[in-house]
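To keep things clear, I will list the structure first and then write my remarks on it.
The values are calculated or read from the model by the stated rules, or taken from the named source; none is laboratory data. Since this is a predicted model, take the numbers as computed values, not measurements. Cβ atoms come from the backbone with ideal geometry, glycine included; neighbour counts cover every protein chain shown.
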Amino acid sequence: MFSTTLRKLRAARLALLLILFFACSGEAAPILYIVRIPLVLGEEAQAVLPDGKTIPLGKVAALPTSSRWPGYTASKWAPPGSVAASAVNAVHLTLSVEKERGRTVSILPRHTVAPAAGEQSFIALDSPAGTGFFGGWAPPVATPVLVQRNGGALVPLEERGLPREGDTLVFEVSESESPYLIDIENRPGGRVLGWYESGPRLLARVIRPLKGVGRFGGTEFQNIGRIRANHSGVIDVSTTPRGVVGGFQILPFLHSKSQEMSSAWQLTQWMIIASPTDRPLPGTAPLFSSNLVPGSQMTDVLWDMWSTYGRKPLVLCRRAGGAWQRLPEASGRNDSALGDLTHLRIYSPFTEEPQKGFVPETGK
């Protein structure tokens with residue numbers, strides 16, 4: 001009797017918290033949904049929609065016993081207490097930045113490997129890579145993360161530190177203002193343009209163009225012309241069908257100078273871009289924050305048709321200045337697979353009908 005009453009009280013408290021979440025987003029970007037990951041083995045992670053509907057995202061299969069420090073280089077450019085990377089094979093969180101290096105904890109699909117996650121520094125979900133929390137329901141970079149302690153108070157992740165057994169991670173996933181597409185001229189000095197409703201904006205300039213593809217881990221869990229990963233220092237694109245390894249990466253100039261990425265200046269599998277102003281690109285929207293996600297695939301179904309098919313960025317190309325087309329299939333390491341590529345186009349994810357509310361003129 002007592003346990004039943006306690007469960008009802010906890011359910012009522014959760015319902016109240018969710019109402020407050022969605023109602024108090026204020027003038028900030030509206031919250032699309034919330035993801036809750038209870039740090040209890042066997043418990044179900046869930047996406048929660050504003051109407052209270054829940055979608056299962058896999059059961060918790062492993063818990064962290066430590067955080068990782070130093071984390072991978074780009075983790076220091078994510079806000080403490082937020083998502084640092086969103087990928088088909090991992091979602092990394094930055095807990096804090098210490099001595100110019102990020103301290104991280106990761107969330108992984110159960111049957112995969114992500115080198116950036118420490119051996120004991122991850123939560124595992126019993127979910128296929130590239131789907132659910134690692135697909136259509138993935139949070140973008142810089143998504144704030146809160147921690148609910150034993151069904152009680154909510155605190156920012158950066159204050160809680162390493163989450164503990166019994167805690168619940170809470171992700172407030174929103175949709176920021178982003179260009180509907182990003183055009184890149186693949187040549188030295190080429191423009192990186194973001195196309196917004198108000199018109200184009202110069203986002204960056206190409207320093208070193210792209211020519212080849214490489215064996216980037218995780219691309220085997222994504223399809224051709226789709227985002228394998230986005231973090232505060234990379235856009236990783238797959239050039240192979242699911243099950244095959246191959247892709248390329250786009251790096252900000254500052255990250256390309258790090259020891260971790262020194263080979264980017266010798267090999268052809270990386271495009272290096274730089275800010276057109278004195279503001280560094282790492283960790284900034286819309287390229288390295290708050291926009292790109294792996295997107296839905298396979299059995300992923302979101303809350304309606306537009307969200308299911310729109311929340312999956314697509315990458316197209318032009319070869320030798322020709323018409324826009326899908327990326328060519330290219331696997332393994334091939335230093336010249338994209339040698340004739342002159343343009344790239346990245347479509348940002350969206351969740352609503354593009355012309356919703358549009359009424360054409362009738363002439364009357």
With respect to ARG191, determine if the residue is over 15 Å from the mean Cα position of the chain (by Cα) and either touching a residue at least 24 places away in the same chain (Cβ under 8 Å) or outside the structural domain of ALA84 (by TED's automatic domain parsing) (or both).
yes
How do the pairs read when you match residues in segment 225-249 that are closer than 12 Å to LEU287 by Cβ with residues anywhere that are among the small types (Gly, Ala, Ser) and assigned to a strand (DSSP E or B), using Cβ under 7 Å and keeping only pairs 6 or more apart or on different chains?
ASN230/SER86; HIS231/ALA84; HIS231/ALA85; SER232/ALA84
Return yes when ARG201 is modelled with pLDDT of 95 or more, among the basic types (Lys, Arg) and under 24 Å from the mean Cα position of the chain (by Cα) and no when it is not.
yes
Of the numbered conditions (1) more than 21 Å from the chain's Cα centre (by Cα); (2) surrounded by fewer than 23 Cβ atoms within 10 Å (Cβ to Cβ); (3) in contact (Cβ under 8 Å) with a residue 40 or more places away in the chain, LEU210 satisfies every one except a single condition; which is it?
(2)
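Residue by residue, here is whether (1) more than 19 Å from ARG345 (Cβ to Cβ); (2) in the same structural domain as SER127 (by TED's automatic domain parsing); (3) at pLDDT 95 or above; (4) of a type in the set (Phe, Trp, Tyr) holds:
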site: GLU260; (1), (2), (3), (4): yes, no, no, no
site: SER275; (1), (2), (3), (4): yes, no, yes, no
site: ASP278; (1), (2), (3), (4): yes, no, no, no
site: TYR309; (1), (2), (3), (4): no, no, no, yes
site: LEU316; (1), (2), (3), (4): no, no, yes, no
With the condition kept exactly as written, say whether any residue in segment 101-116 is under 22 Å from PRO280 (Cβ atoms), more than 19 Å from the chain's Cα centre (by Cα) and in a strand (DSSP E or B).
yes
What's the number of the condition THR284 fails, among (1) outside any helix (DSSP H, G or I); (2) touching a helix residue (DSSP H, G or I) at 6+ places or on another chain (Cβ under 9 Å); (3) buried (at least 21 other Cβ atoms within 10 Å of the Cβ)?
(3)
If you go through GLY151, GLY71, GLY135, the only one that is of a type outside the set (A, V, I, L, M, F, W, C) and under 17 Å from the mean Cα position of the chain (by Cα) is GLY135
All but one of (1) crowded, with 24+ Cβ neighbours inside 10 Å; (2) over 20 Å from GLY102 (Cβ atoms); (3) charged (D, E, K, R) hold for ASP278, so report the exception by its number.
(1)
Out of segment 146-188, which residues are surrounded by fewer than 19 Cβ atoms within 10 Å (Cβ to Cβ), among the charged types (D, E, K, R), not assigned by TED's automatic domain parsing to the domain that holds GLY225 and not in a loop (DSSP other than H, G, I, E, B)?
ARG149, GLU159
Among the residues of segment 287-306, which ones are of a type in the set (S, T, N, Q) and either surrounded by 21 or more Cβ atoms within 10 Å (Cβ to Cβ) or part of a strand (DSSP E or B) (or both)?
SER289, SER290, ASN291, SER296
Only one of ALA142, ALA129 that is part of a loop (DSSP other than H, G, I, E, B), out of contact with any Cys (no Cβ under 7 Å at 6 or more places or on another chain) and within 16 Å of GLN222 (Cβ to Cβ)
ALA129
